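Below you'll find the structure, written out as structure tokens, and then a few comments.
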Amino acid sequence: MDDLLLTFTGGLGIALVLGYLSHRLGLSPIVGYLLAGIVVSPNTPGFVADRHLAEQMAHIGVILLMFGVGLHFHFKELLAVRRIAVPGAIVQSAVATVLSMIIMRSFGWTWTSGAVFGMAIAVASTVVLTRILVDHKHLHTPVGHIAIGWLVVEDIFTVFVLVLIPAIFDPQVGAMSGAGGVGAIAMALLTTTVKIGALVAFTFVVGGWAIPRLLTKIARTGSGELFTLAILVLALGIAMGAAKFFGVSMELGAFLGGMVVGRSEFSNRAATDALPMKDAFAVLFFVSVGMLFDFQGLLENPWLALATMAIVIIGKPVAALVITVALGYPLKTALSVSAVLAQIGEFSFIVATLGMKYGLVAAEAFNALVATAIVSITLAPLLYKAVDPVERWVAKRPALWKIFHRRPTGEGADWEDDGIHRRAVVVGYGPVGKMVVRLLKDNGFSPIIIEMNVDTVRELNTSGEKAQYGDASHPATLEAAGTAKADILVLSASSVGMGQEVIREARKLNPKIRVVARTTYLKEADELIEAGANAVFSGEGEVALSMTESILGSFGATPEQIERESERIRRELFTRAG
């Protein structure tokens with residue numbers, strides 16, 4: 001227990017300090033996390049964390065991360081990018097493998113060892129790719145969908161590699177000794193394909209029936225703790241089940257489980273309420289990578305590390321750029337996808353470790369892999385930031401621009417606007433919310449409702465209304481509701497305790513959005529205005545206004561007198577910005 005607490009606290013504490021310093025220097029915090037791993041590793045003096053414990057906790061982070069990615073990634077999106085994701089992943093993996101075989105042959109390796117090493121560096125890191133996309137708010141854009149689809153294909157390809165290595169090189173299987181030969185390899189391929197197919201079918205048929213029902217019962221309890229626990233159990237349980245019963249990676253199982261939850265009303269609440277801790281565990285992934293680095297071993301064979309870095313940072317991105325442009329995608333998309341995939345991570349170490357088990361990957365090669373992971377993970381965010389400057393540089397050179405410029409095609413062609421010019425986000429669907437939604441629709445707005453009652457959300461979606469289940473104080477919920485492009489945000493629920501936070505987060509997504517809020521008490525109005533609301537209406541003010549109009553009318557006041565007094569009350573009691 002002491003080792004666990006020391007590793008967790010020490011690793012995260014040093015990661016916090018160095019991550020903050022990296023951010024202050026204009027670098028990605030990932031650089032600081034990797035340096036933290038080096039600081040707490042056995043290869044440097046001072047505090048030494050338990051590497052195996054760090055790796056296990058990091059694995060939890062990767063599982064939760066893939067579950068979270070699956071929440072907002074649906075089959076239609078995967079199918080939409082299949083034209084680029086499938087050939088792109090295959091071509092890039094093939095290029096990395098062939099380059100590795102050729103270059104490593106010059107170091108005296110066998111062709112087989114070069115191929116296994118190439119397969120290890122062909123797959124990108126889930127954690128790094130997702131973090132870069134999230135940091136730039138590109139996860140749910142065409143570029144994000146292409147990159148995630150590409151990564152899923154690479155992960156599936158890696159699953160086959162992990163199955164084939166023992167089938168080919170394990171003496172008990174006998175493929176290399178001639179006992180099984182091609183038949184053993186074919187059987188391994190067939191078995192893996194069947195297992196993946198069975199996992200997908202089981203997850204979406206059985207899980208698609210059971211998971212929404214389970215989460216509905218949990219949500220109706222009103223307990224946030226139970227809901228968080230349910231999501232954690234689902235994410236980790238499906239991942240474990242995928243590995244134990246279907247023989248595939250936990251990451252792939254978690255991704256599929258997230259897709260099932262994502263098809264229900266609970267996707268945004270799961271992402272906002274139950275998975276924030278994934279970031280803390282994901283930080284430990286970078287720390288665990290840094291702990292593997294041995295500087296002395298790097299000095300003994302620097303050329304091997306440089307060759308590996310060249311393949312990952314130059315060879316893979318160039319291959320991705322060429323295939324993406326060749327398939328008719330615009331230069332910015334090609335550059336973005338190339339940059340975000342120019343790194344290696346968790347699957348690379350899994351493949352390399354299995355290769356070492358069968359004598360296919362030497363110890364110095366593993367250290368080169370670690371060094372390449374550190375360098376590529378550090379550079380990938382910087383490469384992604386350079387996409388816009390590079391595109392502008394190419395645009396100023398007509399000859400290059402003519403080669404690379406393409407009209408948006410496929411899933412990128414119709415992502416700009418849906419033709420709706422006035423959009424509204426309404427938080428809460430009580431009596432006031434219902435009235436507001438009806439009036440907005442009658443006046444040309446397209447409202448989407450954010451509501452915490454799952455049954456209400458289901459009824460609204462069934463009746464054709466646009467409704468989102470989740471807590472509006474979470475940025476992800478507001479983003480999923482389209483706040484970034486909305487014209488107005490209406491806080492119609494008087495019980496919105498986090499009204500200020502909702503308004504601030506909405507302003508971050510859309511500084512120009514008009515915010516109209518409702519509150520119970522007059523004293524809360526000024527606080528909401530300070531948070532960024534344009535107008536605030538309170539229940540106390542409405543009661544005062546109605547009572548005044550009733551009293552004046554009962555004592556014979558003229559309509560003009562009533563209107564004059566009502567206007568004076570509005571000025572005194574209802575708060576507006578400016």
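All of the numbers you see were taken from the coordinates with simple rules; none came from a lab. Only a predicted model underlies this, so the values are computations on that prediction, with no experimental measurement involved. For neighbour counting, all protein chains shown are included, and Cβ atoms are generated from backbone atoms with ideal geometry for every residue, glycine included.
Here are the numbers:
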quantity: Diffusion constant of the stretch 102-161 at 10 °C, which comes from Stokes-Einstein with the Kirkwood Cα-pair radius and 1.306 mPa s, µm²/s; calculated: 121
quantity: For Asp487, distant residues with modelled amide H under 5 Å away; calculated: Arg423, Ala424
quantity: Loop chymotrypsin sites (Phe, Trp or Tyr not before Pro), the stretch 4-73 (other Cβ atoms within 10 Å of the site Cβ: 15 or fewer; DSSP); calculated: Phe47
quantity: Computed P(r) (all Cα pairs; the chain; 10 Å bins; percent); calculated: 3, 15, 23, 24, 17, 9, 5, 2, 1, 0, 0
quantity: Alpha-carbon spread of the stretch 242-380, three principal axes, descending order, Å; calculated: 55, 41, 28
quantity: Neighbourhood charge, 13 Å Cβ-Cβ cut-off, centred on Lys441 and excluding it, Lys, Arg +1 and Asp, Glu -1; calculated: +3
quantity: Intensity falloff of the stretch 423-576 expressed as log10 I(q)/I(0), Debye formula with alpha-carbon point scatterers, at q = 0.10, 0.11, 0.19, 0.20 Å⁻¹; calculated: -0.39, -0.46, -1.10, -1.18
quantity: Cut-off of 10 Å, at most 14 other beta carbons, DSSP loop: longest stretch of the chain lacking such trypsin sites (Lys or Arg not before Pro); calculated: 138-395
quantity: 27 Å Cα-Cα reach of Lys508 towards lysines, excluding residues that sit fewer than 8 places from it in its own chain; calculated: Lys137, Lys278, Lys332, Lys385, Lys434, Lys441, Lys466, Lys485, Lys523
quantity: Stokes-Einstein translational diffusion, the stretch 1-53 - Kirkwood Rh over all Cα pairs, 0.890 mPa s, 25 °C, in µm²/s; calculated: 220
quantity: As computed over the stretch 277-320, the Cα convex hull volume per residue (Å³); calculated: 70
quantity: Span-rule helices in the chain, defined as complete DSSP H runs reaching 27 Å or more along the axis (Cα) with Kyte mean at least 1.0; calculated: 51-71, 82-105, 142-169, 181-202, 224-246, 363-385
